[in-house]
Amino acid sequence: MKPTSAPATSATRLLAASKIPFSIRLYSYIDHGGTERAALELDTDEHHIIKTLVFEDETKTPLIMLMHGDQEVSLKELARALHVKTITPCSPQSAQRHTGYQIGGISPFATRKRMPVYAQATIFQLPNILINAGKRGALLELDPACLRQLLPITEVHAARPGFHPGPLPGAPPCTGQ
């Protein structure tokens, strides 16, 4: 079911308090629908939808990785960029414990635990992005430069090599409102 009103979350409150311009785009969340589902419903390019993924290194130290919706993280490349042996995805329970958000609604903003944030460098080449607002079915639309204003971002190149299916047929590029 599609939310009928914009949610007030820790993420939206932080952006508003920081005077970061954003808009909220609502869609009908479906378990395991992913960014492809959001892109189809919002009639936008999946490449502009940014996934917030929670990983941990071999010492169980959590971290956030921001990746284009149509790309996958190369764990090997991410570990290499972070100078650690291994990176593994956190369990859903662990991700929720670290962030304070449910899976499918994890935002990098105002997380329960302060964690380092890594972002695929090409995200900052986009004119705008859609990123989770802290609630399932709600995405924040904003300038990617705003990420740097609020998060301890380190840019990395960790997209799985050769994986970029491109925009969905007929999907227009993401545009501001």
**Study point:** Residues satisfying the stated conditions in the stretch 39-50, i.e. touching a residue at least 40 places away in the same chain (Cβ under 8 Å) and either surrounded by fewer than 23 Cβ atoms within 10 Å (Cβ to Cβ) or in a helix (DSSP H, G or I) (or both)
**Key:** ALA39, LEU40, LEU42, ASP43, ASP45, GLU46, HIS47, HIS48
**Study point:** Residue check, MET67 under 13 Å from the mean Cα position of the chain (by Cα), of a type outside the set (S, T, N, Q) and either assigned to a helix (DSSP H, G or I) or modelled with pLDDT of 95 or more (or both)
**Key:** yes
**Study point:** THR86 vs. criteria of a type in the set (Ser, Thr, Tyr), surrounded by 20 or more Cβ atoms within 10 Å (Cβ to Cβ) and at pLDDT 95 or above
**Key:** no
Revision key, fill the gap. Quick count over the stretch 83-136, residues being over 25 Å from THR44 (Cα atoms) and in contact with an Asp or Glu (Cβ under 9 Å, 6 or more places away or on another chain), is 9
Point to revise | Residues that are crowded, with 21+ Cβ neighbours inside 10 Å and of a type in the set (A, V, I, L, M), drawn from the stretch 96-141 | key: ILE106, ALA119, ILE129, LEU130, ILE131, ALA133, ALA138, LEU139, LEU140
Check your understanding: Which one is farthest from GLN102 (Cα to Cα) among residues in the stretch 4-21 that are touching a Ser or Thr at 6+ places or on another chain (Cβ under 8 Å) and not in a helix (DSSP H, G or I)?
Key -> ALA6
Practice item. Please work out which residue is nearest to the chain's Cα centre (by Cα), limiting yourself to the stretch 93-116 and to residues that are hydroxyl-bearing (Ser, Thr, Tyr) and assigned to a loop (DSSP other than H, G, I, E, B). Key: SER107
**Study point:** Failed condition for LEU66, given (1) surrounded by fewer than 20 Cβ atoms within 10 Å (Cβ to Cβ); (2) closer than 25 Å to PRO7 by Cα
**Key:** (1)
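The values are calculated or read from the model by the stated rules, or taken from the named source; none is laboratory data. Treat the numbers as computed from the prediction; the structure is a model and nothing was measured. Neighbour counts run over all protein chains shown; Cβ positions are idealised from the backbone, glycine included.
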